[in-house]
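Any read-out appearing in this document is the output of simple, stated calculations on the displayed coordinates, not a laboratory observation. Computed from a prediction, not measured in an experiment: that's the story for all the values here. All Cβ positions, glycine included, derive from the backbone under ideal geometry; neighbour counts span all protein chains shown.
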Amino acid sequence: MTVFAIMNGKGGVGKTTICAGLSRALGLAGKDVALVDSDPQGSMQDLAGENAEQSITIYTIERTQLAAQIPRLTNEIVIIDGTAKAADLAKKTIAVADIIIIPVTPSPLDVWATSDIVGMIQDRMDELSGTGQTLKAYFLVNRAIGNSKLSKSIAKTLAGYGFPVLKSRLVSRTAHPNSQLTGQTPLDTQPNGLAARELRALRDEVLAMLA
Ligand SMILES: Nc1ncnc2c1ncn2[C@@H]1O[C@H](COP(=O)(O)OP(=O)(O)OP(=O)(O)O)[C@@H](O)[C@H]1O
Ligand SMILES: [Mg+2]
């Protein structure tokens, strides 16, 4: 089992959108995926509630219970919607993760705001060093816009934080909120569109991490 946590202390950066899109893409590729909603808003459950044919298992686990409950899951891939503003709760999510994906929008304020979570992840990596257990972390640019000067400067700032930036990125596309209206993803509503293509590219990059 590989546990992914999609995390950023900042709200509205696309954590739930990425959890939904990535898990659906992995499910369509035949992977056995479970989603864990640790979000007190219950956003994943809200999305699933709009879609009677929702095929992915969603567990709601309080963050204080993650350490006890996650090891009991038997799925090949577990993806945690890791909403967490409070540091102690973010640490509980980090502690159960193998791979953390930090969505960032291409705005300096959002990038600077990731420094807290980056620090917590680095502390955990230090703690694990020499234990044989590994933790990896990557940035994922979400809601990208066609501004290459801004994108370059953001990429440079992110590189300074020491975690790689995923090659795949999600552009700001209405297909995401539009498909969420019916609890779906762009992979269901516009499978040949650009948003779906970007989700499949993300899925392939994630699958390569497992290889
Ligand atoms: N690539 C994208 N293109 C267009 N809209 C997007 C994209 N990613 C996310 N959104 C929209 O941005 C809003 C916030 O996204 P989302 O709820 O996934 O963020 P979040 O990080 O889970 O927020 P919270 O911290 O409140 O849980 C939603 O309305 C979502 O539809
Ligand atoms: Mg959310």
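The protection proxy used here, the mean number of other Cβ atoms lying within 10 Å of each residue, ranks peptides 134-143, 166-175 as follows, highest first: 134-143, 166-175. Among the DSSP helices (H) of the chain, those spanning at least 15 angstrom by Cα along their long axis with an average Kyte-Doolittle hydropathy of 0.0 or more are 15-28, 148-160, 194-210; this is a geometric and hydropathy rule only. Neighbours of Thr185, meaning other residues whose beta-carbon lies under 13 angstrom from its beta-carbon, give a summed charge of +1 when Lys and Arg score +1 and Asp and Glu score -1.
Taking amide H as placed 1.01 Å from N in the peptide plane, Thr105 has its amide H under 5 Å from the amide H of Asn142, each at least 5 places away in sequence or on another chain. When the Cα positions of Asn142, Asn192, Gly132 are compared along the charge dipole of the stretch 115-200, Asn192 comes out farthest toward the positive end, with charges on each C-beta of Lys, Arg, Asp and Glu.
From most to least packed by mean Cβ count within 10 Å, the peptides 86-97, 145-156 give 86-97, 145-156.
A crude spin-label estimate for the pair Gln45 and Ser172, with each label 7 Å from Cα along the Cβ direction, gives 3.2 nm. Taking the Cα centre of the stretch 2-210 as the origin and placing charges on Cβ (Lys, Arg +1; Asp, Glu -1), which of Leu210, Ser172, Ile70 is farthest toward the positive end of the dipole? Result: Ser172. Can you classify the stretch 50-110 as rounded, prolate or oblate using the Cα gyration tensor, where a ≥ b ≥ c are the square roots of its eigenvalues, rounded means a/c under 1.5, and otherwise it's prolate if a/b beats b/c and oblate if not? The shape class here is oblate.
Its Cα centre serving as origin, the chain has a Cβ charge dipole (Lys and Arg +1, Asp and Glu -1) of approximately 720 debye. Placing unit charges on the Cβ atoms of the charged side chains and taking the dipole of the stretch 1-99 about its Cα centre, the candidate lying farthest along the positive direction among Ala34, Thr60, Asn8 is Asn8. Summary of packing: across the peptides 25-37, 68-80, the per-residue average of other C-beta atoms within 10 Å ranks them, highest first, as 25-37, 68-80. Taking every C-alpha pair closer than 8 Å and separated by at least 6 residues, the mean separation divided by the residue count of the chain gives a relative contact order of 26 percent. Amide H to amide H, with H built 1.01 Å from N, Val165 comes under 5 Å of Phe139, counting only residues 5 or more places away or on other chains.
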